[in-house]
Every structure is written in C-alpha cells, then in structure tokens.
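S.K.: Okay, here's the structure, questions in a sec.
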Amino acid sequence: MSTAKRTRIKQAAQLAVPQNKDECAEYINQIGRCDRQIAVLQAAMNDEIAVITDRYTGEFTPLQEQIKALSEGVQSWCEANRDELTVNGKTKSGQFLTGTVQWRQKPPSVAVRGVEAVLETLKRLGLSRFVRTKEELNKEAILNEPAAVKGVAGLSIKTGVEDFVISPFEQEA
C-alpha cells in the first residue's frame, strides 16, 4: 500500500472579461441569447407539465369524489356512535383497526366587517382596551431630515447600494 500523498491542483474559475467595447457588446448579445433560450426551455417544460397534469387530473377526480362520499358515510356513522367511540366523551377520538377518527374544536376567531366603523364604535362605547395602537418609526421622515437624528444610538442611515444591471435589447412580437 502506497503512502504517497496525492497532490490536488486547484484552479480559479475562468472569468471571461471582454477586451474592448465590441467584445463587451457581443457578451451582452450572448446574455440575451441565453435568456431567450432559457425562456424557450421554461415554456417547453411548462407545456410538458400541463400535459402530465391534464392526464392525471381525470384520474384524481373520481377518487376524490369516492373519498368524499366514504368520508361523509364514516362521519355519519361515527356521529351516531360517538359516545361508544369516545368512551362517553372521555376521549376526543375513536379507534378502529384501520385508523382513527377525531373530533377537534377549532379555536375561536374574530371576523370583522368595516374595520373603521368597528374601531369608532369601540372607542365611543369606552371599549378602547380592544383597540391596539401601534408605534413605529417614520423612516421616510428620518430620511428627509437625517441631520436631526444624527447621534441617536441605534439609528443609522445607510447610503444606497449601486446595482449593475445588464439589459439585452429585446424585440416584442
């Protein structure tokens, strides 16, 4: 058995840098071509996915209808025999050899129509404890007057970051 160490050679990724304005224009052209090829491939992929989806959708529908009918039957029988299944309400589920059924109470929720009117009514009736007031920073005002907040601990203003964007020209059909 050899104990010689294998030498690994690491190569830096090759960065393609255009050497002049014409080459740079050609790179942008190639970027546009690649973008268009990606769009064509995505469209072809989506077409294939649509065909597969259509093929299986027809098979799902009757099974989903069968599950719905069977579920309604199981629920009906279990409701009629709930005391036996839940040991007179001591449990929230019933056991079968093939699975379980459960009764679960959903937590209460609040539904509101016309938020502004409800808020006004609660305040007028002296029920302000049910109205939440949220304090938050006015970042727009801070950006308009940065000198006024200079030196405030925990507050800093970040200057904008410059993005570099390449936009190959495209013709709309």
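S.K.: Could you list, in sequence order, all residues of region 87-100 that are open to solvent by less than 100 Å² (accessible area, probe 1.4 Å) and either hydrophobic (A, V, I, L, M, F, W, C) or part of a strand (DSSP E or B) (or both)? Outline the logic, then answer.
M.R.: Within region 87-100, the first condition is being open to solvent by less than 100 Å² (accessible area, probe 1.4 Å), and the residues that meet it are 87, 89, 91, 93-94, 96, 99-100.
Those that are open to solvent by less than 100 Å² (accessible area, probe 1.4 Å) and either hydrophobic (A, V, I, L, M, F, W, C) or part of a strand (DSSP E or B) (or both): V87, S93, G94, F96, G99, T100.
S.K.: Quickly run through region 101-128 and pick out the residues that are open to solvent by less than 80 Å² (accessible area, probe 1.4 Å) and within 30 Å of A80 (Cβ to Cβ).
M.R.: V101, W103
S.K.: Would you point out the residue of region 4-37, among those that are open to solvent by 90 Å² or more (accessible area, probe 1.4 Å) and closer than 23 Å to V165 by Cβ, that is modelled with the lowest pLDDT?
M.R.: Step by step, filter region 4-37, then rank; the result is A13.
S.K.: Residues being assigned to a loop (DSSP other than H, G, I, E, B) and in contact with a helix residue (DSSP H, G or I) (Cβ under 6 Å, 6 or more places away or on another chain): count how many of those fall in region 120-138.
M.R.: Number of matching residues: 1.
S.K.: Considering each of A141, A117, A147 in turn, give the residue that is more than 30 Å from A39 (Cβ to Cβ), over 35 Å from the mean Cα position of the chain (by Cα) and in a helix (DSSP H, G or I).
M.R.: Going through A141, A117, A147 in turn, just one is more than 30 Å from A39 (Cβ to Cβ), over 35 Å from the mean Cα position of the chain (by Cα) and in a helix (DSSP H, G or I): A147.
The values are calculated or read from the model by the stated rules, or taken from the named source; none is laboratory data. Note that the structure is predicted; figures quoted are calculated from it, not measured. Here the Cβ is made from the backbone with ideal geometry for all residues, glycine too, and neighbour counts use every protein chain on show. Heavy atoms of the whole protein, side chains included, go into the accessibility calculation; ligands, DNA and RNA do not. Shrake-Rupley method; radii C 1.70, N 1.55, O 1.52, S 1.80 Å.
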